[in-house]
Structure formats: C-alpha cells, structure tokens
Amino acid sequence: MSRVLMRGNEAIAEAAIRAGCQCYFCYPITPQGELVEYMARELPARGGAFLQAESETAAINMVYGASAAGVRTMTSSSSPGISLKLEGISYMAGARLPGVIVNIMRGGPGLGNIAPAQGDYFQATKGGGHGDYRLIVLAPSSVQEAAELVMLAFDLSDRYRTPAMLLADGMLGQMMEPVELPDPIDPATIPGRPWALTGAVDRAPNVVLSFDLDPQGLKEMNKGLQRTYQEITERELRWEEVDTEDADLLIVAYGSMGRIAKSVVRSAREEGIKAGLVRPITLWPFPYARIRELSERVSTVLTAELSAGQMWEDVRLAVGDRAATPFFGELGGVVPTPRDVLSEVKRYANG
Amino acid sequence: MNMEQGIVFAGFGGQGVLLAGKVLARAGMEHGLEVSWLPSYGPEMRGGTANCTVVLSDALIGAPNVDAPQALVAMNQPSLDRFEPQLVPGGVAILNASLIAREARRSDITVVPIPMNDIARELDAPRAINMVALGALLRALDTVPLEVAGDAIALEMEERGRAKLGEVNRLALQRGYEAASSVLQAGA
Amino acid sequence: MPMVETRIPEGYTKVFTRPEALSDAQYTYCPGCHHGVITRLVAEALDELGIRGRTVGIAPVGCAVFLYRFFNCDFVQAAHGRACAVATGLKRANPDLVVFSYQGDGDLGAIGTAETVHAANRGENITVIFINNQIYGMTGGEMAPTTLPGQRTVTSPGGRDTRLMGYPLKVSEMLAQLDGPCYITRQSVHDARHVGLTRKAIVQAFRNQLEGKGFSLVEVLAACPTNFKMSPEQGNTWVVEKAMKAFPLGDLKGA
Ligand SMILES: Cc1ncc(C[n+]2csc(CCOP(=O)(O)OP(=O)(O)O)c2C)c(N)n1
Ligand code: SF4
C-alpha cells in the first residue's frame, strides 16, 4: 500500500469510514473542524449518513439512537463539546451501547483556547459522567496510529458493548504525516447485534435502557458492567516502550507529549543519560503493572503531560515509593519543545 | 547518527507558506523520507500571519515541533524577526528580499536573500512566490530533489482542480532554485 | 490601544465620534463584517439611554466572543448557547441591571435554542441582539440553522439539502407566537436607511426593558464576507437578494 500525506483529523475520519462507521453526528468545534468537513464530504458519498446536530448533547444522543438501531456510529468534538456529551456517554455505558467518541483536546477549562492540551485525562479516564462506568480510552501519538486506533476503538466497543474514546489533541488533529491507511473492513466481520432494535418480527421485543428501579436489578446490571471492565483490563492493555531495558530514568508520557518524549529520550541518550520511555496507548485501562515493574529498576519516573498533572496520579499509584516521581507539565495550550523536557530530565539524571 | 532537518516556513496569510511546507513534506515522503507538517492554526491566522514546521528525517519522527530549526523560510520581516534567533548555528535563512529591508543579524548562519515577489511577477504568477521560496530552500538544503518537489506541486494543483497551474509553479520552483544557486556560488 | 487625538480645524464641528459605551479596543471582526456595525449600534443605544453604568452585556461564543473588549461596560462571557440562561440569572439576581445578550445564529438558534425559547416564554425582562448571518463564522463556515436552502457551506458542500438538513430556522417567527415576549423584530444593516431603522429598534428593545415590559429580541440580518468568500459589497447584495427573501424584515410582535 502506498503512503499518503494526511492531517490527523482527516485520517481519523477516513479510518472510521473504513471501519464501517455508517452514521456520524457532530457539532462544529475547533481544532477538529477538518474531521467534520471530511465526513460531510465523504460519508454520504460512500453510503453513510452525516448529520450536523444542533448541539453536542443532541449529537451524542443521535449516536445513542443509531447504535441502538445496530450500526457502527461515531461523534467527534473537542473539550467543551465533550463536556456536553458526558450525559449521553453515561447513558450509553448504562445501556450497553457501543459507539466511538473522538476528543481532539484543546486548552481549558471553560472556553479555554484552541491550542493543543491534555487537560481532559481525568474526564476521559475517571468517569466524567455520572455513575459507575468506564470508558475505553485510546491515545494515539501519530497520524498513523490515530487511523489504526480509531478502527480498534470500533472493534473494542463492539466486542465489549461499551463506548470507546479516541483521545488526541489539537497537535495531532492538525498535523500531517504519511499514513498507510488500513484496508476497509469486511462488514461481515462486525459482530452481530441480536439486541439491536430492528423490529420485533419472529422474536421477542428488544429494549435498550439504562435504568432499573429495583436496586437488586440495577446491582446485577452494574456487576455485569464491572465484569466487562475487568475483562477489558485483563485483555486490552496496550503501551509502547522505548529504550527501557537499561534505563535509569523513565519518562511516562502519552499522545503528543509521548512523541515529544521520544525525541527527548534520543537526545538524552546522546548525552549519556540512560533514559527510557513508557507511552501508554490505552489510558483506561492503564498499564499500572508494567510501570510498577519497571519502577523497581530505575531511580526516577518522570511523568510529562500537557496538563497540571493528571495521568501523574496514575503513575504515582503504580510506582508508590519505589522511585522518585517528579512531574513536568505545560499549561494553557503551550507546547514544550524537546529541549524544555530534556533540561528537566538532566536535572533528575544529575540530581 | 540519523539525518533530521527541521524547517520553519513563515509569512503573511495569503503568501502560501502552509502550502509550501506541505509540498516539501509531500516531496520528502515521495523521496522515501519520514516527514511531519505542523501548522499554526485558528484565529492565529485571522491575525494575518501563518507559519508551519516541517521535519524531514530518515528515521521515525518524534517531536514535530523543533527547538532550533536547520532552515527558515521568511516571507516577510516579522517572520525573520521572530524566527531568526531560533535557527541552529550553521543553519540557513531564505529571505524574501522583495519585502524584507533589513539584513540578517546572525553571522553564524547562511543567508540566502531571494527577491521572491519580483521573480514571481516576472513569471506573471504573483501567487507562486511560495514556490520560488521552496525552490531556493531545496537548493540550500540539498535533501529533496527539485523534480520530486515539482511533481508534488503539480499533483497538489491537480487535486485542487487547478491542474493548469502545475507548470508555472514548477517553473517558479526552478527559478527559486537557480536564484539560490547564484547566491550560494557567489558566497562560496 | 490609545485613542488618537484629532484636532478639529476652525470652523468645523465634530459630528461623528466613538460612542462612550465603546472602549478604545480595535474590533477583531473581519473587514466589511456586519458585526462591526451592529456592535456600534448597541453602544449608541446605551449612550442614548444613558444606561452604560448599569448595563451588563453577555458575550456569546462566536465571532463576537471578544465583545467584552469592545464595550466600556460590565460584561460576562457565557458558554456556547447559554447566554439567555446567564441573562436570566443576572436579571433575577439584580433586577436593576440592564441586561443584554448578543448572539449569533449558531449560538442562539442551534445549541442555545432551548435557553432562548424558554427565556422568551418566561418573558424575562432582557434584551437580546441576534445576528443572523446564515453561517458559523468563528469555526470556519459550517452550516447554521439559518443557512438558506441550496447554500454551500463546508458542512453542506453540495448546498443545503432541505430533505436532509431541514429549512432555515425562523427563530423570530417562532418566538413571536409565544405570549412571553413583548417585542420581536427583524432588521438589516445593508444600507444607511436600514442602519437607522436597526438603531431605532435596538433603542426600543432597551427601552422596553427599562419600562419592565419583558423579553425583546432584535434580529439583524448580516453577511459573513470571509466565509461567503465575498467582498463586503457582495455581502450587502447577498443580504438584499437572498437573506431578505427567506427572512423578511419587519416587526413580528409589538413595536
Ligand atoms: C460546546 C461548544 N461547542 C462548539 C463550540 C465551537 N464554536 C465556537 S463558535 C461556534 C459557532 C458560532 O457561530 P454563530 O453563533 O453563528 O456566530 P458567528 O461566529 O457566525 O458570529 C461554535 C460551534 C464551542 N465553543 N463550544
Ligand atoms: S468570520 Fe464572518 S462573521 Fe466572523 S468576523 Fe469574519 S466576516 Fe464576520
């Protein structure tokens, strides 16, 4: 297959179509506008439905409906819009509806700005909406990986009947890189949806709902969810390691920051510092065990994020007091260069 | 050690700096390199300035933003003011001499002044200044061949439904390349 | 930015100045955008009624997001579409304030429809300035609820297909059906005469609030030259030849 130069936002849209996404609902917001435009152009031409909703709240509820009807469906937005979708995401989790949500994060809180940031980690991985639910969260760090992970998000979401989120930021959404687009899936390989609302002919009626007034009943429903989350945690952890074998200083970073950290590891090694990188790809479930294991062998685990320290909490949970756990962060949509992070690394390497 | 070059293109909105960067990235990709293209975006562009950063590498690219670019293409004076101090020692600055009145301040970089607007006007294609600039850059960098970039801009124009502009853009690349040649040879 | 002192030559009188209710800040609107005219008209109304000191404005999310910079009065910036709810809160907390919101068609007529309809239906004693430019300006030219049938935008690349995307939402006509509002009008600023009429309507809408009459909304037709890819002049023609056909001018309720 040949490589094409594509923007992150466009590659995500194209990969979603190739993953069999039939219905896409959105409300415009920067910095994911190109994703919306691509879908408006391409999806109807390829037999799918594109609809610009009147709000993000409406868009996620359209996803709820399309998913209940049994098709692969997606919505995308950026931070403030995701806040509005949280209600719907909680309902999807409760009703066991698959569906993919893309968040191209920007600076927050509030209206914030449109620059790249990673301030929505808590929102994505710790619930966000109400109730005891989890969201599968996949964090790409290149345009290629964004295309692959959006396809994976559809697969996981279908397999476990739970919504999945692709969590990227304005830098990945806006940048262009060569991509080798995955082949379109064969629709026949999409798992059947016997629960979908297709019309009760020759079968008992199906219902999709997220409530049960009987506490015992709701408890059973919740236990079912927890079993699914357990299974996902055991089977779907993904992360990348760079130069961890002999590392003395470990950086943990994801997404855009993860790829900046790759450059940092390279420069650090050139200067004789034994640095390594763990880049979580699934943010939920989080690779606690592997980070704990590595922390036995290093002196320092440095977390780097475009936030005030959100994933940092998970890293500290994993590391405990086995190693020092400093933090490097940037705020408000400011993106550090590799040199900024490197000087931090040097402080701890020499310290 | 691997080859990695960071290039910043900067200018007024409308001077085509984003496209110049994209054509370089596309040509780099066709030439077998790893590439990344990172634009400034949003209201920043309403303010009337635009820039993008291209990285060319023979290995997978980490950060698409760079501390110290090897090359700067400055299409106007504010761009030179902002990015000149960031260039790596020994780096190269391609300046639009048609619009930039001052000399470069650094003495540890190679400066290639090109009268981009004048050259483009001679070709009767004032909008092709970005390709004049890119042609000059290609000569100074010597990483991506001129023909590959020519094919990339031709394809780009074709995809935008402007196939007939392919030739004049290719010519603009050529003129920029030649202009840089004479500057660099005179300096050598 | 400091204001430039202009010396008035002898024998001349100054007839046109910056309204007191406007600050010295430069607009961030594109050249030729009708937002600029409408923003000024609101400021002139505050001056005329002498209410700058007790007025609180509500900036929307949209090209007018920087409104708080342009005005010389208290301002709050609201979440996308929620301006009428924020206005309700302000007014209920302190009925002596003069409260106005200034919102685009995406803000007021898409994501904020519910807030708008219910504030109107409650007859909240506020003034709403509604800029209908038939597009989402800020985010780069997507379809708005008011986009005309067949109009091309980046999210209706083949033109708005009414079978799939519905019809231009007639917000003012809808609101005029309700019992709550006291004054609903649609105006335009494409020429000097209409600028004058719009100014009058805005003054009226504030006067209603001062007299405790309830919810007033002034819709103003506008063009977005940048996303329409038009010159400002073509924008004016668009308003007359296209927008006014779908959205006829005039008072829809009260006066
Ligand atoms: C919850 C949320 N969704 C989306 C956005 C992105 N957004 C910013 S402005 C805007 C639309 C503006 O259009 P309009 O209200 O018509 O005003 P105009 O810019 O045309 O003046 C949108 C969708 C946002 N800021 N918040
Ligand atoms: S984008 Fe359109 S609505 Fe916004 S300021 Fe520019 S011309 Fe006006």
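Tabulated values for the structure
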read-out: Pick from the stretch A:255-275, criterion in contact (Cβ under 8 Å) with a residue 12 or more places away in the chain and away from chain B (no Cβ under 14 Å), ranking: farthest from the chain's Cα centre (by Cα); value: A:ILE273
read-out: Among the residues listed as A:THR233, A:THR244, the single one being away from chain B (no Cβ under 14 Å), under 18 Å from the mean Cα position of the chain (by Cα), under 23 Å from A:SER295 (Cβ atoms) and at pLDDT 95 or above; value: A:THR233
read-out: Out of A:ILE89, A:ILE114, sole residue that is touching a residue at least 12 places away in the same chain (Cβ under 8 Å), closer than 20 Å to A:VAL143 by Cα and in contact with a Gly (Cβ under 6 Å, 6 or more places away or on another chain); value: A:ILE114
read-out: Answer residue from the stretch B:143-158, given it is free of Cβ contacts under 8 Å to residues at least 60 places away in the same chain and in contact with a helix residue (DSSP H, G or I) (Cβ under 7 Å, 6 or more places away or on another chain) and is surrounded by the fewest Cβ atoms within 10 Å (Cβ to Cβ) among those; value: B:GLU158
read-out: Number of positions in the stretch C:32-62 that are within 15 Å of ligand 1 (Cβ to nearest atom), of a type outside the set (Gly, Ala, Ser) and open to solvent by less than 40 Å² (accessible area, probe 1.4 Å); value: 9
read-out: Residue check for C:PHE71: within 16 Å of ligand 2 (Cβ to nearest atom) and touching a Ser or Thr at 6+ places or on another chain (Cβ under 9 Å); value: no
read-out: Residues (within 19 Å of A:LEU172 (Cβ to Cβ) and more than 9 Å from chain C (Cβ to nearest Cβ)) located in the stretch A:35-51; value: A:LEU35, A:TYR38
read-out: Selection from the stretch B:28-47 of residues that are touching a Gly at 6+ places or on another chain (Cβ under 9 Å), modelled with pLDDT of 95 or more and either open to solvent by 20 Å² or more (accessible area, probe 1.4 Å) or more than 10 Å from chain A (Cβ to nearest Cβ) (or both); value: B:GLU34, B:LEU38
read-out: Looking only at the stretch C:109-136, and only at residues there that are near ligand 1 (Cβ under 7 Å from one of its atoms) and more than 11 Å from chain A (Cβ to nearest Cβ), the one that is surrounded by the most Cβ atoms within 10 Å (Cβ to Cβ); value: C:ASN133
read-out: Looking only at the stretch C:139-160, and only at residues there that are touching a strand residue (DSSP E or B) at 6+ places or on another chain (Cβ under 8 Å) and under 15 Å from C:GLN103 (Cβ atoms), the one that is farthest from ligand 1 (Cβ to nearest atom); value: C:THR146
read-out: Matching entry among B:LEU80, B:LEU18, B:LEU24 (being within 26 Å of B:GLU147 (Cβ to Cβ), crowded, with 22+ Cβ neighbours inside 10 Å, under 14 Å from the mean Cα position of the chain (by Cα) and touching a residue at least 12 places away in the same chain (Cβ under 8 Å)); value: B:LEU24
read-out: Count of residues meeting criterion [within 14 Å of another protein chain (Cβ to nearest Cβ) and either open to solvent by less than 80 Å² (accessible area, probe 1.4 Å) or within 16 Å of ligand 1 (Cβ to nearest atom) (or both)] in the stretch C:6-31; value: 5
read-out: Yes/no for B:SER98 being modelled with pLDDT of 95 or more, of a type outside the set (A, V, I, L, M, F, W, C), on the phi < 0 side of the Ramachandran plot and surrounded by fewer than 16 Cβ atoms within 10 Å (Cβ to Cβ); value: no
read-out: Any chance A:CYS26 is within 16 Å of ligand 1 (Cβ to nearest atom) and either modelled with pLDDT of 95 or more or open to solvent by 10 Å² or more (accessible area, probe 1.4 Å) (or both); value: yes
read-out: Condition check for C:GLY81: within 14 Å of another protein chain (Cβ to nearest Cβ), outside any helix (DSSP H, G or I) and either touching a Leu at 6+ places or on another chain (Cβ under 7 Å) or within 16 Å of ligand 1 (Cβ to nearest atom) (or both); value: yes
read-out: Residue in the stretch A:29-45 that is part of a loop (DSSP other than H, G, I, E, B), open to solvent by 10 Å² or more (accessible area, probe 1.4 Å) and within 16 Å of ligand 2 (Cβ to nearest atom) present; value: yes
read-out: Hits in the stretch C:114-164 - residues which are in contact (Cβ under 8 Å) with a residue 40 or more places away in the chain, closer than 23 Å to C:VAL56 by Cα and either in a helix (DSSP H, G or I) or hydroxyl-bearing (Ser, Thr, Tyr) (or both); value: C:THR116, C:VAL117, C:ALA119, C:ALA120, C:ASN121, C:THR127
read-out: Selected residue (only one of B:VAL132, B:VAL88 is touching a helix residue (DSSP H, G or I) at 6+ places or on another chain (Cβ under 6 Å) and either within 14 Å of another protein chain (Cβ to nearest Cβ) or crowded, with 24+ Cβ neighbours inside 10 Å (or both)); value: B:VAL132
read-out: Where C:GLU142 falls short, out of the listed (1) over 16 Å from C:GLU219 (Cα atoms); (2) open to solvent by 10 Å² or more (accessible area, probe 1.4 Å); value: (2)
read-out: Looking only at the stretch B:54-77, and only at residues there that are open to solvent by 40 Å² or more (accessible area, probe 1.4 Å) and of a type in the set (S, T, N, Q), the one that is nearest to the other protein chains (Cβ to nearest Cβ); value: B:GLN70
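One line per residue, one yes/no per condition, for (1) within 16 Å of ligand 2 (Cβ to nearest atom); (2) acidic (Asp, Glu); (3) open to solvent by 10 Å² or more (accessible area, probe 1.4 Å):
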position	(1), (2), (3)
C:VAL65	yes, no, yes
C:ALA78	no, no, no
C:ALA93	no, no, yes
C:VAL99	no, no, no
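The values are calculated or read from the model by the stated rules, or taken from the named source; none is laboratory data. Small disclaimer: the values here were computed from a predicted structure and weren't measured. Neighbour counts are summed over all protein chains in view; Cβ atoms, including those assigned to glycine, are modelled from backbone coordinates with ideal geometry. SASA here: full protein model, heavy atoms, side chains in, ligands and nucleic acids out. Shrake-Rupley method; radii C 1.70, N 1.55, O 1.52, S 1.80 Å.
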